[in-house]
Every structure is written in structure tokens, then in C-alpha cells.
Amino acid sequence: MLTSRSSEAVILDDLTVDLLARDHGEPTRSAEPEIDPAVAAGSRPLDELLAGLVDDGRIVHVERLTARRARTAAPARPLRPAVAERLPHDTLWTHQAQAIDLLRDGVSVAVATGTASGKSLCYQVPIAEAIADPLSPATALLLFPTKALAQDQLRAFGELAFPGVVAATYDGDTPRENRSWVRANANVVLTNPEMLHAGLLPFHGRWDTFLRRLKYVVVDELHVLRGVFGTHMAHLLRRLRRLCAHYGGDPTFVFTSATIGGPGRLASELCAKPVVEITDDGSPRGPRLFALLDPPVVDGASGARTSGNAETASMVARLVRDGHRTIAFCQSRKGTELVAGQVRSMLPPALDGAVRSYRGGYLADERRAIELELVSGEVRAVISTTALELGVDIGGLDACVLNGFPGTIASMWQQAGRAGRSQQESVAVLVAGEDQLDRYLMDHPREVFERSPEPAVINTANAYIAHPHLACAAYELPLSHGDETYWPGILDDGVRALVHDDRLRVRRRRLRTGDTEPVAVWAASGLPGRSMGLRSGSSTEYRIALVDGTLVGTADEARAFAAVHPGAVYLHNGQPYRVVELDLDDHAAIVEPDDGDTYTQARTDKDIAVLCVDHHRVVGRSELALGMVEVNTQVIGYQRKDVRTRKILANETLELPRQELVTRAFWYTVTPELLSDAGIADVDVAGTLHAIEHAAIGMLPLFTICDRWDVGGVSTALHPDTMLPTIFVYDGYPGGAGIAELGFEAADRHLHATLALLEACPCAQGCPSCVQSPKCGNGNEPLSKQGAMALLRVLVAEAVSAPTTAALSDP
């Protein structure tokens with residue numbers, strides 16, 4: 001029997017190793033004063049605080065965002081008095097009034113405004129009014145990506161105390177004896193996608209009255225519903241709408257989001273209904289300074305810079321000493337603990353308790369205690385993972401420090417917005433990491449503040465995700481031709497495939513008219529969705545467990561061989577483990593604690609084949625294609641390296657099965673003439689293409705909400721399907737999640753940005769900030785930064801500004 005621990009896996013890649021090596025050992029206690037005498041009577045002005053860092057060159061840009069006054073409006077019809085008197089303010093901001101008017105009229109909306117803009121009130125008011133209507137009793141379903149957010153919103157409903165509203169959470173933490181009470185009594189149910197999928201829809205008969213009366217469905221944090229998770233969510237909402245229609249309901253949807261590109265389009269794709277987007281933010285905002293801090297170079301040849309962890313800790317300590325309450329965001333749990341420890345070391349012992357870390361893996365009571373300490377002012381600084389990025393309302397913070405660009409402009413503003421929520425003057429500082437995007441933004445600061453937010457994408461046509469949801473839908477209610485409404489262009493092929501696999505059976509159903517129609521019914525045993533994860537593209541997960549069965553974590557099948565192969569060092573919650581056995585039949589990796597002095601990097605053999613070409617176009621002097629590919633990967637060994645020196649200690653061989661991935665990709669072909677014009681010798685072709693592949697993948701998140709772990713790449717000096725030198729960038733999930741399509745559309749701007757990154761990086765031969773990749777299966781060999789720059793300069797010389805596409809038949 002496995003006992004559970006919280007599970008978050010971090011592969012011990014080169015970037016993580018660099019942080020471990022630079023921050024190894026106990027830091028020494030700073031002798032600096034507890035509070036600067038100049039600010040003994042109050043906080044030092046933020047302008048003055050940043051001035052010294054500007055003078056020494058660390059801060060390369062400061063953006064001044066002026067204060068913004070509130071814009072108010074009244075709804076078209078006055079609010080019900082019983083609802084209006086419970087609101088915290090007498091007036092509504094313009095976007096709130098707009099959302100309330102639309103929702104009252106049954107129009108679905110996506111509210112994408114800034115942090116602390118009162119998005120929750122946009123749906124709380126219509127829900128309370130609908131429930132108060134004695135002629136048509138209503139219910140509401142609120143979906144949150146985490147249980148913590150559901151608990152926060154439950155408290156908010158409790159504080160508002162709208163008459164007639166009975167709100168309750170229904171998730172994995174709800175005791176079984178309480179669940180029947182929730183079903184019978186609650187008219188506002190707060191839950192998460194997993195519980196909706198596994199605990200509510202399969203048992204919809206118990207929820208018939210709730211679904212018949214369902215007036216509003218709230219989907220919080222729209223911006224995280226991208227890629228695989230978003231695609232699963234789209235099918236989940238279709239299943240929900242289908243069951244509501246079965247009981248006579250037709251809910252209106254409310255999506256709330258941080259600022260992203262095209263929120264209305266994404267929301268409409270998710271619920272398969274028209275959605276009006278609301279992006280004009282009427283809420284007030286205090287003045288804000290936003291600084292870009294670039295750690296100084298310590299080795300010109302390699303491009304190595306001072307540790308982002310150390311720079312972040314120094315910035316936080318400076319802010320705390322100067323009287324500013326601060327939050328810092330780190331990108332890993334390990335980084336969170338390292339930075340928190342360093343901040344404490346830079347402050348006098350009397351302030352040890354004023355600095356707290358906050359991350360996943362803490363008990364709920366521990367997290368809540370930290371949140372209360374922040375609100376009360378007892379804690380002056382909190383170092384957090386993204387656990388505090390989503391929705392948790394902590395007011396009174398003056399400063400936010402971002403330890404590395406969080407991957408998207410949307411996430412950056414979401415994190416920065418945690419400070420200044422009370423309209424006071426605030427500051428945000430982005431400390432550049434070693435990633436390609438960080439380097440690009442330091443050299444192009446206008447991109448940080450003027451660039452439109454990236455769009456998020458999903459791919460509802462992905463059969464690997466759609467077909468399992470069709471099986472779930474058939475279990476819930478027999479599928480018929482009428483369900484084409486929810487799955488247009490997908491239903492017939494999906495039913496055919498599931499019948500072929502003996503999971504569905506086609507029967508005839510008699511209609512009220514006396515006629516019959518064919519329907520597909522669930523034919524297998526058990527619940528079809530029981531083993532289906534909504535946040536992974538793989539239906540199979542590997543358990544990572546100690547010898548005694550204690551569960552450490554999980555890894556999806558697509559990444560398991562590279563992350564937990566025999567002999568691998570696996571990092572979990574900052575604790576290194578060594579894999580002693582990988583059981584392929586039981587899908588389990590058995591691990592034991594490790595001393596953390598070494599790390600491993602898998603070596604892979606990878607082939608890619610073009611299955612079909614859907615579109616192609618010319619980009620500069622290269623041809624770009626988009627289509628389906630099959631990627632065959634085999635982990636053939638690994639290197640064991642010293643954490644401090646990165647010296648290779650051993651090369652080990654492995655014999656693991658090949659893995660096949662059928663997915664979407666875009667790829668560039670390069671002619672011999674182009675290579676000649678760029679002056680690329682034959683011996684440098686492979687390294688040139690490999691370097692462009694790495695840099696391009698690193699820059700892709702600038703154009704779509706994804707990260708480098710969502711995509712993969714292959715480059716080859718001669719590909720058998722194109723008969724030319726070719727660079728492939730492929731979606732890392734079976735069937736694709738929509739990333740390849742956006743990469744294809746943005747190719748012109750993408751290549752220009754990739755070239756700008758390489759030209760601005762000061763290293764000579766290539767570094768993690770330009771052409772090296774932490775997940776390269778070839779050990780970052782060969783790489784030619786100079787060749788990559790030369791080829792890109794020639795390639796983009798004639799880049800067109802607008803794409804033109806043409807459909808092609810299969811090759």
C-alpha cells in the first residue's frame with residue numbers, strides 16, 4: 001500500500017545544478033544594520049532605494065507606471081437591495097458593471113483585468129441575485145485549478161453573507177459523510193476540474209436538481225487553461241453542458257483571467273459557446289516602479305553571471321531593511337528555500353522570524369498561518385513559488401521581486417501585481433535568470449512593457465485527449481448524432497475508434513416518435529475516466545516510491561525514461577533521490593535518498609519522420625512547413641556529473657525501450673545555397689542547426705503561453721523526408737496542444753527575436769543564456785553560436801511580415 005506525499009518533480013538539469021553549486025554551503029551572517037537609520041521613522045522612498053543599483057549597472061531599466069483613478073458605472077438595472085447592501089463599496093467599477101449586465105442577460109463573459117481589480121464580484125453579484133429570485137431557484141458551479149483557491153472563494157462568500165446563498169466546497173478533502181449534505185443543500189458548489197471529472201459527472205443522477213437549476217458556471221484562472229490541461233478542460237465543459245441539457249439546463253459561463261492575448265477566443269473554445277471578453281479595467285491602481293536587474297558578468301568568455309538567487313536575496317534584504325513588505329517569486333521549491341535562507345543571513349538575528357518561505361508541500365495550516373502573518377504585518381518578506389501567484393488575496397505588500405522571468409508576460413504581470421494591491425506606491429524588480437528569454441528581455445526592455453500578452457492555445461481535435469472524454473460521455477449518457485453539437489468533426493471518428501477497441505457498442509434507441517436511432521453506449525467495465533489525468537498528455541504515469549512503498553511523486557510516461565531511468569538522480573522538494581530500479585511492467589521507479597553531490601543527464605537517440613504536411617510558406621530565404629510527425633526517442637545512457645564542477649564522473653549505458661510520439665511540428669528547411677551564402681563549412685552545419693534549434697525553442701514562449709519543456713526539437717544536416725538540412729520544433733504532447741500552429745504563424749517574428757538574442761549575448765562560444773539547453777539529450781554537442789548567427793542573418797534578410805499558407809497533400 002502506497003502512502004502519499006505531495007508530488008512535484010524537478011529534473012536536476014544544468015540550470016538547477018548551477019544554482020546548487022553557486023549556493024552550496026551555509027551563508028554567513030551579514031553585519032548590516034537591522035533597519036537603516038535613514039528610514040527609522042518610515043520606509044525609504046523607492047526611487048532612492050533603486051538609485052544605487054542603477055549606478056552600479058545592475059538595474060538596466062526602470063519603468064514608471066503612473067497611478068490610475070477608478071472609473072465607476074452603475075448596472076443597467078439597479079441591484080437587488082438585499083444584494084447591494086452586502087457589497088463592500090457603494091459603486092461598481094466599469095468592468096464589473098459591464099460583466100453583471102451581460103451575465104444577467106445570459107451572455108457568457110471572459111473578464112481579463114489586472115490583479116486586485118475585483119473580478120470575483122463580477123460573478124458573485126449575478127449568482128446572489130439569481131439565487132434570491134423566488135420564481136426560479138438557481139444554482140452555481142465554481143471551478144478552480146486548486147483546492148486552496150476554492151477555499152479562499154468560500155471564505156469570500158461567507159464574508160459577503162448574501163441571503164439564501166448556501167456555499168460549500170466539494171473536492172477530495174470533503175468528508176464522505178458531508179458530500180450527500182452538499183448535494184442536497186448547497187446552491188453554490190466550489191470544486192476543481194478533477195472532482196468534476198471523476199466525482200460529479202459520472203454520478204450525475206445524484207445531481208439532477210442541481211444541474212437542472214444550474215444558472216452560472218464560473219471558471220477561474222482562465223490563463224492556466226492552456227495546452228493539455230486546457231484541452232482536457234474543453235472536453236470536460238462539453239460533457240457538463242451535455243448533462244445540463246439532458247436535465248433541461250443551459251448555464252451561462254463566467255471566465256476570469258489575468259491579462260492574456262485573446263481571452264474571449266480561448267474561453268469560447270473551452271465552453272463551445274460565444275463569449276464576450278471584458279478587458280477594459282476600471283479599477284484604481286497606485287503608482288508603480290518596475291525595474292529590470294541584470295546580474296553582472298563574472299566570466300566574459302563563458303558569459304557566466306552572478307547567481308540570480310543571490311541577487312534576488314540581496315534585493316529582498318535591501319527592501320526589508322528599508323521598511324518595505326516584500327514578496328519574491330522563485331521558480332522551484334529548492335530555489336525558494338535557498339533564497340529564504342540567504343535573506344535571513346543578510347539580516348540581523350532579530351529579523352529571522354520576519355522572513356518566511358511559502359511553497360507547495362506545506363500543510364494547509366502552515367500555509368494559512370503564513371498568509372495571516374503577512375496580512376497582520378508580522379512577516380516582512382515571503383519567498384514563494386507560484387503557489388502565491390494565483391488568487392490568494394494578500395494586501396499591504398509594497399514590493400515584488402521576480403527571480404527569473406516566469407515564462408510569459410501574463411505570469412509576469414500576475415506576480416508583479418501582488419504588490420500595491422492597496423493602491424500604495426509599489427515596486428517590482430525582475431531579476432534576470434540564465435534562460436534565453438531573460439537575456440532577450442534585458443536587452444530589449446521595451447518588449448517587457450509594450451508587448452501584447454501572449455495567447456494561450458488548446459487543441460480540441462487531439463484524438464489522444466478527445467477519445468477518452470467521449471468514452472466518459474458515453475458512460476454518462478449514450479452518444480448520439482445530436483452530440484455533434486458538442487464535438488463537431490470529432491464525434492464520428494472517436495466513436496468508430498472506441499467501438500473498434502471494444503470500449504463502446506452501438507445499439508438502437510427508440511424515440512418518443514416511435515422511430516429509432518443509433519447510439520453508442522459504454523461497453524467495458526469500470527469507470528472510463530478513473531485512470532485519466534487532466535494535466536498530463538499521457539494516460540500512463542510512473543509512480544516514484546521508496547522501497548517501503550512510500551510515494552515520493554509521479555512522472556508521466558513521456559518523460560519517465562529521461563527523468564527516472566536506473567541510476568538517475570531525481571530531485572523532489574529539494575531532496576535528491578537515486579533511482580535503484582525502474583519497473584516497466586508495474587510503471588514504478590524505486591528510489592532511495594542520495595547525498596546530492598552528483599547529478600545525471602540522460603543521453604538520447606532521437607529520430608523524426610514527417611507523416612503529413614498541412615501547410616507551408618516561405619520565411620525569409622527558408623521554407624517553413626507545418627504538419628504531423630512521429631518522434632522516436634530512446635534513452636541510451638546517461639552522464640553522472642559533479643554538482644560543483646560539472647565534471648563528468650562517469651558515462652553509463654542503458655537499454656530502455658524506444659518511445660513513439662505522434663504529434664504536431666513546424667520545421668525549417670535550409671538550402672545548400674543558403675549555407676554557402678552564410679559561409680557555413682560542411683563540418684559546422686550540424687552545430688549551426690543545433691544551436692538555432694536550442695535558441696529558437698528558448699524564445700518560443702515569447703509568442704505563445706508555453707515553456708521549453710512543452711516542446712522538443714530535432715536538427716539534422718540531411719533529413720530523409722525533406723532531403724535538405726532541417727530544423728524541427730515539435731509539440732511535446734501526443735497529438736499536439738496547439739503550440740506548433742502558433743509557432744508556424746509567428747515564425748517571422750520568432751526568427752528575428754532568436755537572432756537578436758544571439759547577437760546580444762556577450763559569450764564567445766555559447767552558454768545557457770543563448771544556445772545551450774538544460775534538456776539536450778546530446779550533452780549540448782555540437783553547437784556553433786557563430787554559425788547560428790551567420791545563418792540566421794542570411795535567413796531573415798528577406799523575411800516577410802505576413803504569413804501566407806497553402807494546403808498540401810500528404811508527401
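The values are calculated or read from the model by the stated rules, or taken from the named source; none is laboratory data. Bear in mind the structure is a predicted one, so any value in this text is a computation, not a measurement. We place every Cβ from the backbone using ideal geometry, glycine too, and count neighbours over all the protein chains shown. Surface areas here come from the heavy atoms of the whole protein model, side chains and all, with no ligands, DNA or RNA. Shrake-Rupley method; radii C 1.70, N 1.55, O 1.52, S 1.80 Å.
Count of segment 242-255 residues, restricted to those that are touching a Gly at 6+ places or on another chain (Cβ under 9 Å) and part of a helix (DSSP H, G or I), is 1. Residues that are in contact with a Cys (Cβ under 8 Å, 6 or more places away or on another chain) and modelled with pLDDT under 95 are absent from segment 183-206 altogether.
Restricting to segment 95-127, and then to whatever is part of a helix (DSSP H, G or I) and open to solvent by 30 Å² or more (accessible area, probe 1.4 Å), can you tell me which residue is nearest to residue 165 (Cα to Cα)?
Among residues in segment 95-127 that are part of a helix (DSSP H, G or I) and open to solvent by 30 Å² or more (accessible area, probe 1.4 Å), the one nearest to residue 165 (Cα to Cα) is 120.
Within segment 346-377, restricting attention to residues that are within 28 Å of residue 577 (Cα to Cα) and outside any loop (DSSP other than H, G, I, E, B), the residue that is modelled with the lowest pLDDT is 364. Restricting 644, 603, 617 to those that are outside any strand (DSSP E or B), among the basic types (Lys, Arg) and touching a residue at least 60 places away in the same chain (Cβ under 8 Å) reduces the list to 644. Go through segment 294-303 and give me each residue that's within 15 Å of residue 431 (Cα to Cα) and either small (Gly, Ala, Ser) or open to solvent by 40 Å² or more (accessible area, probe 1.4 Å) (or both). Matches in segment 294-303: 296, 297.
Going through (1) free of Cβ contacts under 8 Å to residues at least 40 places away in the same chain; (2) in a helix (DSSP H, G or I) one by one, residue 489 falls short only on (2).
Taking the conditions exactly as written (at pLDDT below 95 and within 17 Å of residue 794 (Cα to Cα)), does residue 621 satisfy them or not?
yes
Residues that are more than 18 Å from residue 717 (Cα to Cα) and more than 31 Å from the chain's Cα centre (by Cα) occur at least once in segment 654-672.
The residue that is farthest from residue 459 (Cα to Cα), counting only those in segment 616-664 that are open to solvent by 40 Å² or more (accessible area, probe 1.4 Å) and among the hydroxyl-bearing types (Ser, Thr, Tyr), is 645. Limited to segment 517-549, what total is found for residues that are open to solvent by 20 Å² or more (accessible area, probe 1.4 Å) and assigned to a strand (DSSP E or B)? Matching residues across segment 517-549 total 7.
Evaluating residue 446 against the criteria (1) among the charged types (D, E, K, R); (2) modelled with pLDDT under 90; (3) surrounded by fewer than 24 Cβ atoms within 10 Å (Cβ to Cβ) leaves one unmet condition, (2).
Cβ-Cβ distances below 6 Å connect the following pairs, each with a first residue in segment 271-291 that is in a strand (DSSP E or B), a second residue that is among the hydroxyl-bearing types (Ser, Thr, Tyr), and a separation of six or more residues or different chains: 288/426. Quick check: is even one residue across segment 579-600 in contact with a Pro (Cβ under 6 Å, 6 or more places away or on another chain), under 30 Å from residue 668 (Cα atoms) and either assigned to a loop (DSSP other than H, G, I, E, B) or at pLDDT 95 or above (or both)? Within segment 579-600, not a single residue is in contact with a Pro (Cβ under 6 Å, 6 or more places away or on another chain), under 30 Å from residue 668 (Cα atoms) and either assigned to a loop (DSSP other than H, G, I, E, B) or at pLDDT 95 or above (or both). What tally of residues in segment 407-446 results from selecting those that are touching a residue at least 40 places away in the same chain (Cβ under 8 Å) and not in a loop (DSSP other than H, G, I, E, B)? Looking only at that region, the number is 22. Taken over segment 198-226, residues that are over 19 Å from residue 154 (Cβ atoms), within 24 Å of the chain's Cα centre (by Cα) and open to solvent by less than 10 Å² (accessible area, probe 1.4 Å) amount to 2.
Residues that are under 19 Å from residue 756 (Cα atoms) and out of contact with any Ser or Thr (no Cβ under 6 Å at 6 or more places or on another chain) do occur in segment 671-689, at least one of them.
Between 759, 741, the distinction of being over 20 Å from residue 610 (Cβ atoms), part of a helix (DSSP H, G or I) and at pLDDT 90 or above belongs to 759 only. For the structure I just gave you, tell me whether residue 473 is closer than 18 Å to residue 198 by Cβ and more than 26 Å from the chain's Cα centre (by Cα). So residue 473 fits the description; yes. For segment 665-711, filtered to residues that are surrounded by fewer than 21 Cβ atoms within 10 Å (Cβ to Cβ), of a type in the set (S, T, N, Q) and touching a Leu at 6+ places or on another chain (Cβ under 8 Å), the residue that is nearest to residue 230 (Cα to Cα) is 669. Any chance segment 128-136 includes a residue that's assigned to a loop (DSSP other than H, G, I, E, B), aliphatic (A, V, I, L, M), modelled with pLDDT under 90 and out of contact with any strand residue (DSSP E or B) (no Cβ under 7 Å at 6 or more places or on another chain)? The answer is yes, given that some residue of segment 128-136 is assigned to a loop (DSSP other than H, G, I, E, B), aliphatic (A, V, I, L, M), modelled with pLDDT under 90 and out of contact with any strand residue (DSSP E or B) (no Cβ under 7 Å at 6 or more places or on another chain).
Residue 474: in contact with a Ser or Thr (Cβ under 8 Å, 6 or more places away or on another chain) and under 23 Å from residue 241 (Cβ atoms), yes or no? Taking the combined requirement at face value, the residue does not satisfy it.
Each residue in segment 502-516 was checked for being in contact (Cβ under 8 Å) with a residue 24 or more places away in the chain and open to solvent by 40 Å² or more (accessible area, probe 1.4 Å), and 3 of them qualify. The residues listed here are 194, 129, 177; of these, the one that is under 26 Å from residue 87 (Cα atoms) and of a type in the set (Asp, Glu) is 129. Restrict the check to segment 714-723 and report whether at least one residue is in contact (Cβ under 8 Å) with a residue 40 or more places away in the chain and part of a helix (DSSP H, G or I). Checking segment 714-723: not a single residue is in contact (Cβ under 8 Å) with a residue 40 or more places away in the chain and part of a helix (DSSP H, G or I).
Please identify the pairs in which a residue from segment 143-169 that is more than 20 Å from residue 240 (Cα to Cα) has its Cβ atom under 7 Å from the Cβ atom of a residue that is open to solvent by 50 Å² or more (accessible area, probe 1.4 Å) and at pLDDT 95 or above, counting only partners at least 6 apart or on another chain. Close Cβ pairs (under 7 Å, with a partner that is open to solvent by 50 Å² or more (accessible area, probe 1.4 Å) and at pLDDT 95 or above) amount to 166/185.
Restricting the first member to segment 572-599 and to residues that are within 25 Å of residue 774 (Cβ to Cβ), and the second to residues that are in a loop (DSSP other than H, G, I, E, B) and open to solvent by 20 Å² or more (accessible area, probe 1.4 Å), the beta-carbon pairs closer than 6 Å and six or more apart or on different chains are 573/361; 576/594; 576/596; 577/594; 578/594; 579/566; 582/566. Of the residues making up segment 715-743, those that are among the β-branched types (Val, Ile, Thr) and buried (at least 22 other Cβ atoms within 10 Å of the Cβ) are 726, 727, 729, 739. Does residue 463 meet the test of being open to solvent by less than 10 Å² (accessible area, probe 1.4 Å) and either modelled with pLDDT of 85 or more or in contact with a helix residue (DSSP H, G or I) (Cβ under 7 Å, 6 or more places away or on another chain) (or both)? No: the conditions fail for residue 463.
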